[in-house]
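One structure is given below, encoded as structure tokens.
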Number of protein chains: 2
Amino acid sequence: MSDSQTFPPGAAYARGQYCAIADATLSVLDWGLLRSDATYDVAHCIDGRFFRLDAHLDRFYASAEKLRLDIPVAKADCAEIMRECVRRGGVGEAGYVECLITRGLSPTFSRDPRDAVPTFIVFAVPLGFILPRDRWDEGLHVHISGIRRIPPESVDPTAKNYHWHDLVQGLYAAYDAGAENVVLTDPAENICEGPGFNVFAVKDGRVLTPDRGVLRGISRDTALRLAAELGHETVEAPLPTATFRAADEAFITSTAGGIMPIARADDRPIGDGRPGPVTRALRDLYWEKHRDPAWTTPV
Amino acid sequence: MSDSQTFPPGAAYARGQYCAIADATLSVLDWGLLRSDATYDVAHCIDGRFFRLDAHLDRFYASAEKLRLDIPVAKADCAEIMRECVRRGGVGEAGYVECLITRGLSPTFSRDPRDAVPTFIVFAVPLGFILPRDRWDEGLHVHISGIRRIPPESVDPTAKNYHWHDLVQGLYAAYDAGAENVVLTDPAENICEGPGFNVFAVKDGRVLTPDRGVLRGISRDTALRLAAELGHETVEAPLPTATFRAADEAFITSTAGGIMPIARADDRPIGDGRPGPVTRALRDLYWEKHRDPAWTTPV
């Protein structure tokens with residue numbers, strides 16, 4: 001099926017069997033495409049160890065239950081499929097491992113979601129970082145967009161979902177504005193989140209992050225725990241854009257790169273425009289935990 | 001690729017060639033799935049004739065442009081591909097013909113949408129009606145949901161998209177409430193739309209439909225034109241839920257069935273709970289236009 005398409009390295013599990021990444025497909029009639037009716041989770045592995053795999057699995061199964069999607073395998077089997085995809089894909093050194101379930105396909109193309117048979121897919125590809133490692137001393141340049149993150153009154157952000165239209169259009173707005181990534185807001189001009197990451201600010205040693213209208217990221221949770229471990233007060237509360245712009249430091253959290261500094265918001269630096277001491281300490285501790293058996297499990 | 005999956009009749013065009021509907025697939029790495037970064041349009045044909053095909057094509061290309069998606073074929077070629085899918089699928093009697101474009105696949109699994117190569121697919125399957133023809137004298141029983149339709153400040157509803165999470169969760173809420181379909185609202189308790197349809201009310205001979213936060217449906221446009229042709233005043237304006245519940249008549253419009261009556265909203269009838277004269281006249285005129293060369297083109 002790959003034809004003229006080029007694929008990254010990796011391996012997948014689809015239609016009940018392991019396959020090459022190029023063969024991991026789903027029908028164009030799948031509700032995962034035609035309704036974005038799906039949920040997913042992504043874990044990462046580094047040096048042959050998954051980071052907080054159980055937390056990702058717990059969230060994946062909880063998200064599916066919220067959306068009335070039945071994952072066709074038990075949690076332990078899902079973990080084993082993720083491991084096997086990493087092994088087959090040869091990405092144990094640094095792997096991005098996504099499991100997803102969609103409403104699936106209705107044999108009659110019925111418009112009733114209860115008629116559909118769910119689609120379950122797992123794939124493992126090389127782990128990419130939102131901010132590449134060689135730019136960690138520099139930091140990310142974000143645009144703060146007037147596009148409003150899809151509100152929780154419409155789509156529950158705690159069930160991880162593919163409703164990224166606003167985020168992708170925000171990325172294009174960021175490129176237009178000369179920035180490299182985007183942070184969306186809510187109608188009260190509070191900071192929400194960006195494409196695949198949560199947002200944090202640091203002010204007077206306190207670590208702040210939005211509490212509403214955002215994914216409850218596992219990396220977000222990790223950052224909050226590590227901040228507490230380092231003795232910082234952590235605050236989950238609305239984060240006004242003005243507060244964010246005036247922060248001493250700012251960073252993002254994501255499975256795709258962990259804890260990464262924000263250096264600029266639009267045409268102004270955050271703090272002195274360089275990654276600050278709290279961000280750096282959190283980042284170092286984050287990677288230290290990747291060697292800690294309490295936080296990791298072997299592939 | 002079909003394995004244990006069962007598919008409706010039909011035919012498709014994917015990866016630059018015609019194929020069986022079971023073989024019309026896309027990669028699990030496609031941004032159409034992983035970001036719901038896509039747009040689409042659906043035309044229907046009846047008795048060997050497309051209804052308002054040009055209007056659907058115009059909207060499809062306009063939607064793609066809004067999202068910065070380049071459709072890889074010219075409009076006339078797209079029309080010809082749609083025709084050929086209908087012929088190959090044998091659904092000219094009553095066909096549902098969808099063309100879609102996604103951001104596509106990034107060969108490196110890059111997080112930058114500009115690196116992706118778009119995916120263009122067309123498929124034709126049998127036309128299904130939201131309210132089956134044998135229930136047109138009965139009417140639809142809808143639930144009016146407190147789930148808020150994704151607002152235009154987040155996702156432009158005029159670029160037809162697959163952001164249906166709210167609509168599908170609304171369907172489940174409707175089933176729980178004993179209804180068969182759902183209408184979502186906005187935070188001001190105005191009526192928005194349902195899964196794949198616009199909503200109309202008729203009060204004292206005036207034909208009312210929401211003007212904001214809804215798809216600019218081709219069938220919606222058709223209903224407005226036909227209402228004018230029948231001498232009704234038409235009003236595109238916010239439609240409060242209370243006004244809707246107190247309407248003389250109500251109906252939905254969709255490519256999937258045209259103009260179909262609403263009989264009940266939650267536990268109360270609309271009007272006398274039976275399809276009213278304005279709805280019936282519009283419906284009859286709608287199907288009459290399907291034989292009019294001014295509104296149709298041959299497959």
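Would a scan of the range B:50-58 turn up a residue that is assigned to a strand (DSSP E or B), more than 13 Å from every other protein chain (Cβ to nearest Cβ) and touching a Ser or Thr at 6+ places or on another chain (Cβ under 7 Å)?
Yes: the range B:50-58 contains one or more residues that are assigned to a strand (DSSP E or B), more than 13 Å from every other protein chain (Cβ to nearest Cβ) and touching a Ser or Thr at 6+ places or on another chain (Cβ under 7 Å).
Only residues that are closer than 29 Å to B:H56 by Cβ and part of a loop (DSSP other than H, G, I, E, B): list them for the range B:271-288, please.
Of everything in the range B:271-288, those that are closer than 29 Å to B:H56 by Cβ and part of a loop (DSSP other than H, G, I, E, B) turn out to be B:P275, B:G276.
Across the range A:147-176, which residue is nearest to A:I262 (Cα to Cα) among those that are of a type in the set (D, E) and facing chain B (nearest Cβ under 7 Å)?
A:D166
Please verify whether A:T158 is under 17 Å from the mean Cα position of the chain (by Cα) and modelled with pLDDT under 95, treating the condition exactly as stated.
So A:T158 fits the description; yes.
Run down B:F123, B:F129 and say which single residue is of a type outside the set (D, E), within 19 Å of B:T39 (Cβ to Cβ) and in contact with a Gly (Cβ under 8 Å, 6 or more places away or on another chain).
B:F123 is the lone residue from the list that is of a type outside the set (D, E), within 19 Å of B:T39 (Cβ to Cβ) and in contact with a Gly (Cβ under 8 Å, 6 or more places away or on another chain).
Suppose the filter is in contact with a Ser or Thr (Cβ under 7 Å, 6 or more places away or on another chain), more than 10 Å from every other protein chain (Cβ to nearest Cβ) and not basic (K, R); does B:H44 pass it?
yes
If you check B:A43 against the conditions, is it of a type in the set (A, V, I, L, M, F, W, C), in contact (Cβ under 8 Å) with a residue 12 or more places away in the chain and assigned to a helix (DSSP H, G or I)?
Answer is no for this residue.
Quick one: which residue in B:R52, B:R68, B:R59 is assigned by TED's automatic domain parsing to the domain that holds B:R114, farther than 23 Å from B:F197 by Cα and basic (K, R)?
Details: B:R52 fails: farther than 23 Å from B:F197 by Cα; B:R59 fails: farther than 23 Å from B:F197 by Cα.
The unique qualifying residue is B:R68.
For residues that are among the β-branched types (V, I, T) and crowded, with 24+ Cβ neighbours inside 10 Å, scanning just the range B:196-208, find the one that is nearest to B:Q169 (Cα to Cα). Give the steps one after another, and end with the answer.
Step one: filter the range B:196-208 for residues among the β-branched types (V, I, T), giving B:199, B:202, B:207.
Filter again for crowded, with 24+ Cβ neighbours inside 10 Å, leaving B:199, B:207.
Details: B:V199: 18, B:V207: 29 Å.
Of everything passing the filter in the range B:196-208, B:V199 is nearest to B:Q169 (Cα to Cα).
I'd like the residue in the range B:2-41 that is within 7 Å of chain A (Cβ to nearest Cβ) and at positive phi and, out of all such residues, is surrounded by the most Cβ atoms within 10 Å (Cβ to Cβ).
Only one residue tops the list, namely B:S36.
Yes/no per residue for (1) within 17 Å of the chain's Cα centre (by Cα); (2) within 18 Å of B:A281 (Cβ to Cβ); (3) not in a strand (DSSP E or B):
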| position | (1), (2), (3) |
| --- | --- |
| B:V183 | yes, no, no |
| B:F200 | yes, yes, no |
| B:L208 | no, yes, no |
| B:R220 | yes, yes, yes |
| B:A223 | yes, yes, yes |
| B:A227 | no, yes, yes |
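Only one residue in A:V117, A:V73, A:V86 is surrounded by fewer than 20 Cβ atoms within 10 Å (Cβ to Cβ), in contact (Cβ under 8 Å) with a residue 40 or more places away in the chain and either farther than 25 Å from B:S154 by Cα or touching a strand residue (DSSP E or B) at 6+ places or on another chain (Cβ under 8 Å) (or both). Which one?
A:V73
Does any residue of the range B:261-273 turn out to be of a type in the set (A, V, I, L, M, F, W, C), more than 10 Å from B:V207 (Cα to Cα) and in contact with a Gly (Cβ under 7 Å, 6 or more places away or on another chain)?
yes
Kindly indicate which of B:R280, B:R212 is in the same structural domain as B:S154 (by TED's automatic domain parsing), crowded, with 16+ Cβ neighbours inside 10 Å and basic (K, R).
From the options B:R280, B:R212, the qualifying one is B:R280.
Scanning the range A:171-195 for residues that are small (G, A, S) and buried (at least 22 other Cβ atoms within 10 Å of the Cβ), which turns out farthest from A:A55 (Cα to Cα)?
Ranking the qualifying residues of the range A:171-195, first place goes to A:A174.
Taking the range A:229-255 on its own, how many of its residues are in a strand (DSSP E or B) and among the acidic types (D, E)?
2
For the range B:87-146, which residues satisfy the criterion of being within 16 Å of B:S254 (Cα to Cα), more than 8 Å from every other protein chain (Cβ to nearest Cβ) and among the β-branched types (V, I, T)?
Across the range B:87-146, the qualifying residues are B:V97, B:V142.
Cβ-Cβ below 6 Å, separation at least six or inter-chain, first residue in the range B:178-191 and closer than 16 Å to B:T253 by Cα, second at pLDDT 95 or above and in a loop (DSSP other than H, G, I, E, B): which pairs?
From the range B:178-191, the pairs are B:L184/B:R149; B:L184/B:C192; B:I191/B:P210; B:I191/B:L239.
The values are calculated or read from the model by the stated rules, or taken from the named source; none is laboratory data. As the structure is a computational prediction, the values presented were derived from the model and not from experiment. Glycine gets a Cβ as well: all are built from the backbone with ideal geometry, and neighbour counts include every protein chain shown.
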